[in-house]
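Notes follow once the structure below has been shown.
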Amino acid sequence: MKYSFRPPWWAWLATAALCALMINLGLWQYHRGQAKEALMQAYAEAASGAATPFDPAEPPRAEAMLRRSLAGEYLGPRQLLLDNQGSRRRAGYHAWTPLRLADGDLVMVDRGWLPAHPDRSRLPVLDVPAGKQAVEGFWRPLPRPGLRMASDNCAGRPFPRVVQYPTAEDLVCLYPGERVAPGLLLLAPEVPGGYEREWNIGVEVPPQKHYGYALQWFAFTATLLVLFIRLNLKRRP
């Protein structure tokens, strides 16, 4: 029994393009899983390690967990509330409090999550430790949303001001005349003066899910190849 295999040119082209696309998507998911694993490992090491003094000139790095110590005074009257933050299926905010260092610079400190009132016009009361504070935390880039919606974080509203993922430019606008470090210090869970803190360090999607998605894309590729062969393999009389 003889067979012939002569797919039309467009079938070759379409199959090759789809296979290349799905393989690349699978590899992207696989590398994302590896990056998340490395970040989780870095967080575990930083959480158990000693903090080093904060350097305002040190830029935060997305791929690293930098545990830093610093001292200053919280500016309680000028706090921000990062909106649309969930915890255990509860709606709420993250409290961002500027900390003034000895040299006058401001560092934004995420002091943790607190729930929102059912009436969103009623903002939570933010308690702030008074006087000079010694704090430790994880120096991270400013968080970014999956999809940035149009919002004016600098609109003239009173503090505490509800904001939507402010950028470094927004912080300069929100604190005119101040030098604001271009990052965010996640207050360490054991440091007093904060709210609920379970830092997910950007791994809302765990590495295992990325690996699962990668496996799915590779399986789709294999299925497409099998179908391509079966549909174009003809029995010759």
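Coordinate-derived values only; no laboratory data. Not measured: the values here are computed from a predicted model. Because the Cβ atoms are built from the backbone with ideal geometry, glycine has one as well, and the counts that use them run over all protein chains shown.
Couple of notes before you dig in:
- Taking the DSSP beta bridges with both ends in the range 66-187, the antiparallel portion is around 80 percent.
- Each of W12, W96 was scored by other Cβ atoms within 10 Å of its Cβ. Listed from fewest to most, they are W12, W96.
- Peptides 224-230, 99-105 ordered by average Cβ neighbours within 10 Å, highest first: 99-105, 224-230
- Sequence-ordered 3J(HN,Hα) estimates for the range 39-53 from the Karplus curve with 6.51, -1.76 and 1.60 and θ = phi - 60° stand at 5, 5, 5, 5, 5, 4, 5, 5, 5, 9, x, 8, 7, 10, x Hz, glycine and proline given as x.
- Gyration tensor verdict on the range 61-131 (Cα atoms; rounded if a/c is under 1.5, prolate if a/b is larger than b/c, oblate otherwise): oblate
- Cβ-Cβ FRET estimate between L233 and A16, R0 fixed at 25 Å, reported to 0.05: 0.90
- In this structure, the amide hydrogen of R179, modeled 1.01 Å from its nitrogen in the peptide plane, lies closer than 5 angstrom to those of L106, counting only residues at least 5 positions away or on a different chain.
- Per-residue 3J(HN,Hα) values for the range 159-173, derived from phi via the Karplus relation 6.51 cos²θ - 1.76 cosθ + 1.60 with θ = phi - 60°, read 8, x, 9, 7, 10, 10, 6, x, 8, 4, 5, 4, 5, 4, 5 Hz in sequence order (x marks Gly and Pro).
- Looking at the range 1-131 alone, DSSP beta bridges between its own residues are antiparallel in about 90 percent of cases.
- Cysteines without a disulfide-compatible neighbour (Cβ-Cβ under 4.7 Å), the chain: C19
- Among L171, L185, L215, the largest mean-square fluctuation in a Gaussian network model of the chain, built with springs joining Cα atoms closer than 10 Å, belongs to L215.
- Burial order of peptide ranges 136-142, 217-223 (average beta-carbon count within 10 Å, highest first): 136-142, 217-223
- A protection proxy built from the mean count of other Cβ atoms within 10 Å ranks the segments 71-83, 117-129, 50-62, most packed first, as 71-83, 50-62, 117-129.
- Across the range 54-68, coupling constants 3J(HN,Hα) worked out from phi with the 6.51/-1.76/1.60 Karplus curve, θ = phi - 60°, read 6, 10, x, 7, 7, x, x, 10, 5, 8, 10, 10, 9, 7, 10 Hz, and Gly and Pro carry x.
- Order of W9, W113 under a 10 Å beta carbon neighbour criterion, fewest first: W9, W113
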